[in-house]
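A short write-up of the structure that comes next.
The values are calculated or read from the model by the stated rules, or taken from the named source; none is laboratory data. Remember, predicted model here, so these are calculated numbers, not experimental data. Using ideal geometry, Cβ is built from the backbone for each residue, glycine included, and neighbour counts are taken over all protein chains shown.
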């Protein structure tokens with residue numbers, strides 16, 4: 001059984017959401033660990049197999065390790081028969097791959113720069129700005145319910161996830177706001193919150209033992 005190292009209310013939460021949506025949460029062993037958060041709270045958990053103490057981190061049945069959300073989410077979709085993504089060679093695969101890499105290569109760096117009030121020409125020229133990200137999303141969603149058309153994919157899960165944990169950074173663009181709402185509606189946010197609450201409780205019990 002694959003092992004997913006997860007910390008509640010972190011970037012790994014979207015992987016848990018994906019597993020829930022695919023009905024495969026029981027097919028992966030979720031190991032809850034603590035991490036050092038952006039505000040300095042938390043700790044580097046010795047139980048976390050990630051060499052840098054981060055999440056998510058996946059260990060496959062074969063013992064291979066996978067880091068980075070995009071890679072893990074694509075692997076899990078492929079492992080369980082592509083329920084949330086186009087298969088290699090099928091229509092939409094190119095756009096799907098583009099959005100998955102766009103998240104890590106553009107959206108996340110631009111988001112962190114905006115969140116941290118960093119403004120430098122090198123950052124904008126290399127990674128672009130959130131305003132450019134907003135424009136790309138608006139264009140993609142002008143005629144479509146989701147990034148690849150009418151079907152929700154892993155690309156939607158990862159691209160919409162920052163606006164779940166940082167809603168104040170969502171643009172005043174109706175198409176983008178409605179898309180984030182559709183992604184949220186497709187996910188079982190109540191079950192995710194229940195799962196996260198239980199995970200936090202397990203961490204507290206372990207730390208006090």
The lone exception for residue 15 - which of (1) surrounded by 13 or more Cβ atoms within 10 Å (Cβ to Cβ); (2) touching a residue at least 40 places away in the same chain (Cβ under 8 Å); (3) touching a helix residue (DSSP H, G or I) at 6+ places or on another chain (Cβ under 9 Å); (4) over 21 Å from residue 158 (Cα atoms) it fails: (4)
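Among the candidates 112, 106, single out the residue that is under 17 Å from the mean Cα position of the chain (by Cα) and either at pLDDT 95 or above or in a strand (DSSP E or B) (or both).
Testing whether each residue is under 17 Å from the mean Cα position of the chain (by Cα) and either at pLDDT 95 or above or in a strand (DSSP E or B) (or both) leaves just 106.
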Options 137, 157; residue that is closer than 23 Å to residue 83 by Cβ, in a helix (DSSP H, G or I) and out of contact with any strand residue (DSSP E or B) (no Cβ under 9 Å at 6 or more places or on another chain): 157
Residue match in region 43-62 (condition: within 23 Å of residue 192 (Cα to Cα) and either in a helix (DSSP H, G or I) or in the same structural domain as residue 125 (by TED's automatic domain parsing) (or both)): no
So residue 113, is it touching a residue at least 12 places away in the same chain (Cβ under 8 Å) and buried (at least 18 other Cβ atoms within 10 Å of the Cβ): yes
